[in-house]
1. Under 1.5 on a/c is rounded, so check that first for chain A, then, if it is not, pick prolate when a/b is larger than b/c and oblate when it is not; a ≥ b ≥ c are the square roots of the alpha carbon gyration tensor eigenvalues.
2. Over the range B:80-144, what relative contact order in percent results from Cα pairs under 8 Å that are six or more residues apart?
3. Just checking the output field for B:123-132: average partner chain Cβ neighbours within 10 Å of each residue's Cβ?
4. For peptide B:83-93, compute the average count of partner chain beta-carbon atoms within 10 Å of each residue's beta-carbon.
5. Which whole-Hz ³J(HN,Hα) couplings does the range B:102-109 yield from phi under the Karplus relation 6.51 cos²θ - 1.76 cosθ + 1.60, θ = phi - 60°, glycine and proline marked x?
6. How high is the relative contact order of chain A? Use alpha-carbon pairs under 8 Å, at least six apart in sequence, and give a whole percent.
7. From the label point of B:Lys151, set 7 Å from Cα along Cα→Cβ, how far away are the matching label points in the other copies, in nm, ordered shortest to longest?
8. Taking 1 over the mean of 1/r across every pair of different Cα atoms in the protein assembly as shown, what Kirkwood radius in Å do you get?
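None of the figures in this text is laboratory data; all of them are computed from the coordinates on show. Because the structure is a prediction, the values reported are computed rather than measured. When we count neighbours, we look across all protein chains shown, and the Cβ atoms used for this are built from the backbone with ideal geometry, even at glycine.
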Protein chains: 2
Amino acid sequence: MAKVTVENKTLVYPMPAFLIGAIVDGRPNFMTAAWSGIAGGTPPMITVALQHHRSLKGIKQNMTFSVNVPSVDQVKETDYCGIVSGSKADKVADCHFKMFYGKLETAPMIEQCPVNLECKVVHILDVGSHELIVGRIEETYISEDCLTDGKPDVNKIKPIIYVTQSSRYRALGEVVASAYTIGRELSGTNPTV
Amino acid sequence: MAKVTVENKTLVYPMPAFLIGAIVDGRPNFMTAAWSGIAGGTPPMITVALQHHRSLKGIKQNMTFSVNVPSVDQVKETDYCGIVSGSKADKVADCHFKMFYGKLETAPMIEQCPVNLECKVVHILDVGSHELIVGRIEETYISEDCLTDGKPDVNKIKPIIYVTQSSRYRALGEVVASAYTIGRELSGTNPTV
């Protein structure tokens, strides 16, 4: 199989499309971020890579932020928060976001987004063009109507998947397999599994 | 809209299913990781959160690793590498992985995976249950047959999406919208866009 190198080295799939919330100069603001990932379990941790935008300023002012997981129903608002600066627009008003706050009090969260993570900054790493924020997830919220039998139901959450390079938002597709299950079919080659 | 808190605080969508490659005690090994995200653009950076598995040991031995993006065609192998320890099995042999190496020489990559990132460790952060590896992406490779007109084609790459909590692997679904485009429809409320 022939391999070629690509210019865009940050080519991974899938990428998320999160709305990062912060209070900047006393006013709530949200920006879209695809460069984010879970960083630990106990305590729960998440990373977000940010350039020197207003959101980064706000995060440093309060050392808190939120990660909001939008659904495909919020794709227009999600895109808007990635192309418009909070210095030129009141994104909360333009997107008709209803906000709520949790125990940290300075991490604004979006009611319409099915899942919301309320985070406290524990590390800020200068990695070049971006600063890598490492946040401890203090609380995670889900919209009650996205539960089935009391558990998060991804078919109700309907998350957005950001496809880099082609710059498309896509929905979740069909179930391919069950994790911690299908791999066992390879255990014939390894009786220790 | 009513919100409830959830016990599993690391609840984000989508999550990837990457195969992390490293040489451990002189032998290539791969493990599955969903806790990973892009961390910077210039230079290109990526994070991977790892517990004290063999892979972490190998990454520290050579300070290099790879991130392999599997396709749905490799879902069985991807799951296998997440449930079996390299101390008990030769995962490369069991999965029939063909390997290749790039300029770093100690970051084994999987030919069958459509996209491969070759990384050098620049930071290791102790975040509790996990160590957060921050790697600089030195080179990114793509299988030639996953290109269309010389560009990465996600419909040929067919990445796996890991759905946490329900523990399912899913495929990419339909295109919902174009990024940097659909959000402009909200600009009626904001003439500066």
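1. prolate
2. Here the relative contact order equals 23 percent.
3. Average neighbour count from other chains, rounded to a whole number: 6.
4. Rounded to a whole number, the mean comes out at 3.
5. x, 5, 6, 6, 10, 10, x, 10
6. Rounded, it is 22 percent for chain A.
7. Relative to the other copies, B:Lys151 has label-point distances of 4.0 nm.
8. 20.9 Å
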